[in-house]
Amino acid sequence: MDREIPALMGVSKAILENVIFVHQDEANWPLQDPSTLKKKFDDIFSATRYTKALEVIKKLHKDQGQEIKAYKLKMEHLQTLKDAAFKVFIDGLVYYLMNS
C-alpha cells in the first residue's frame, strides 16, 4: 500500500506525507528547526539517494580509470613483446635468405 499509492499518484511518499496529506497541526514544518527542515527537504527531494548514487558513480569512475591504466600498461608490454617477436622473425628471415 505504501508503494502503490505514491506510484499511482505519481509522487513520492515524502511529498504525500509532508505536502499533500500533511496534518493541520504539522503544516508549519517549514518553520521548524534547521535539522528537521533539512531532513524533510532531503526526504522530499530524495537528496540522500542522490548523494549515495553520486558516490557510487564516482567510485565506479575511479575504479574504471584504474582498470584503464592497468590495461594500457598491459597493452604497452604486449606491444613490446610483439615488436621483439617481429624483430626475431625478420632477423631469422634475413639470415635464411642470406644463407640459401
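What to note about this one:
- In order along the range 88-100, phi translates into HN-Hα couplings of 4, 4, 5, 4, x, 5, 4, 4, 5, 5, 6, 9, 9 Hz, rounded to whole numbers, per the Karplus curve 6.51 cos²θ - 1.76 cosθ + 1.60 with θ = phi - 60° and x for Gly and Pro.
- Rounded FRET efficiency, nearest 0.05, which uses the C-beta distance separating residue 51 from residue 76 and R0 of 30 Å: 0.20
- Residue exposure sequence - 46, 35, 100, 12 - by fewest surrounding Cβ within 10 Å: 100, 35, 46, 12
- Length gained on full extension, residue 90 to residue 32: 12.8 nm, using 0.36 nm per residue less the C-alpha separation.
We did not get these values from a lab; they are worked out from the coordinates using the rules stated. Bear in mind that the values here come from a model prediction, so they are computed numbers and not experimental data. Using ideal geometry, Cβ is built from the backbone for each residue, glycine included, and neighbour counts are taken over all protein chains shown.
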